[in-house]
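Written out below as structure tokens is the structure these notes cover.
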Amino acid sequence: MKLKIGELAKRTGLTVRALHHYDKIGLLCPTARADNTYRLYGDEDVLRLYRIQALRRLQLSLEEIRAILDDQSVSIGDIVRQQISLMEKQAREALALRDHLLHLSAHLEGAQLPVVDDWLTALEMTVHSEKYFTAAELAALRRQRASMGTIDTADKSALIHALHELMEKQVSPQDALAQSLSQRWLRCMQDESGGDAAILIKFYQMQSEEKALQLFSGLDQPTLDYMVRALACATLPLYAAYCDVVEMEILREHSVTDAAAWPALIATLQLECTAGTRTNHPKVQELAEAWQSLSLKKAGNSISLQKKIQQAFAEQPALRMGIDQRLFNYLQSALQNLSSHQTKLAMAR
């Protein structure tokens, strides 16, 4: 049996345009011809199309389907079993998310601020954990969570509520109470992460990106940014040993401006460090340039003050929130490579 494209479209419920697209991308190409005029679909072509339609019902992309059909070693039965396993996992995650939302709904009806007593559990229930943490990190987090025993959820909720109140009243992050509350939250997260700076910055990244987690915890992006600014203000006294009075005033003025940009930059650097990307790689050098730019802004565009900031950063571990020793060494290497490159460019001019 040989079918023209219009006949095949009518029999299968597809459009002629769709079949033309399949032909264009090499997914389904008619193999027969009639009088050297029409390209016709033979029995094998029709069978391949039925397989394509079956695989499309499994929500596979056209590219994935083409790879499966062109690889004779791949069993469609295996693909179906994989899809069943995936759907079962998604169903479990959906049920877990529904339970959390029901719990959240009960809190909202009682006009209470929702809070997650164990953000690790929320992570595993709402997103793919491997998106942020390795298997070893998740195991370490579970051990740390078990060693801590019961977490005071009321204290967490009260902290977030108090921060929200300060924000509503437009209290500056430089305020002593804002700094104190933010430092208490940081200590809480340091305890839950076992003091691991890499895990801490990953938690920040997760909290920034996962809207469901923000909903559960009440800790949304504006609140995170407010806390980061307050924490930046809280570390200012550490610069006093390096800066004069005028320079400290410049730091107070500019530290808050771009404070919220640092965590995302640190998280991206952490990804490259973990991946083993060379520090002279263009991607890492671009991050090093962004780091230099932010530090120069923090210094009010004063190169001399920027150098003092860098010295304090190297000598004061308390200034390296979210940066462990490995990442610190990685960053220093990237900055040295950037400096060498900039020096060579300057000499060549």
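The values are calculated or read from the model by the stated rules, or taken from the named source; none is laboratory data. These numbers were taken from a predicted model, which means no experiment stands behind them. Note that we place each Cβ from the backbone using ideal geometry, even for glycine, and neighbour counts take in every protein chain shown. Keep in mind that these areas ignore ligands, DNA and RNA; they rest on the heavy atoms of the full protein, side chains included. Shrake-Rupley method; radii C 1.70, N 1.55, O 1.52, S 1.80 Å.
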* Structure fact -> Carbon and sulfur atoms account, in whole percent of the 1.4 Å probe accessible area of the chain, for 53
* Structure fact -> Of the listed pairs K89/K211; K156/K308; K131/K308; K131/K211, those with alpha carbons more than 25 Å apart are K156/K308; K131/K308
* **Placed amide H near A32: partners under 5 Å, 5+ positions off or other chain** => L40, G42
* Asked: Out of these labelled values of Kirkwood radius over Cα pairs in Å, (1) 24.8; (2) 19.8; (3) 22.2, which was calculated from the coordinates shown here?
  -> (1)
* Where a ≥ b ≥ c are the square roots of the eigenvalues of the C-alpha gyration tensor, would you call region 168-207 rounded, which needs a/c under 1.5, or, failing that, prolate if a/b is larger than b/c, or oblate? -> prolate
* Highest-fluctuation residue, L296, L47, L305 considered, GNM on the chain with Cα pairs under 10 Å -> L47
* Toward the positive end of the charge dipole of the chain, about the Cα centre and with charges on Cβ (Lys, Arg +1; Asp, Glu -1), which of L141, Y22, Q311 goes farthest? -> Y22
* Asked: With every protein chain left in place, what is the accessible area per residue of the chain in square angstrom, probe 1.4 Å?
  -> 56
* Compute the relative contact order of the chain as a whole-number percentage, counting only Cα pairs closer than 8 Å that sit 6 or more residues apart in sequence. => 12
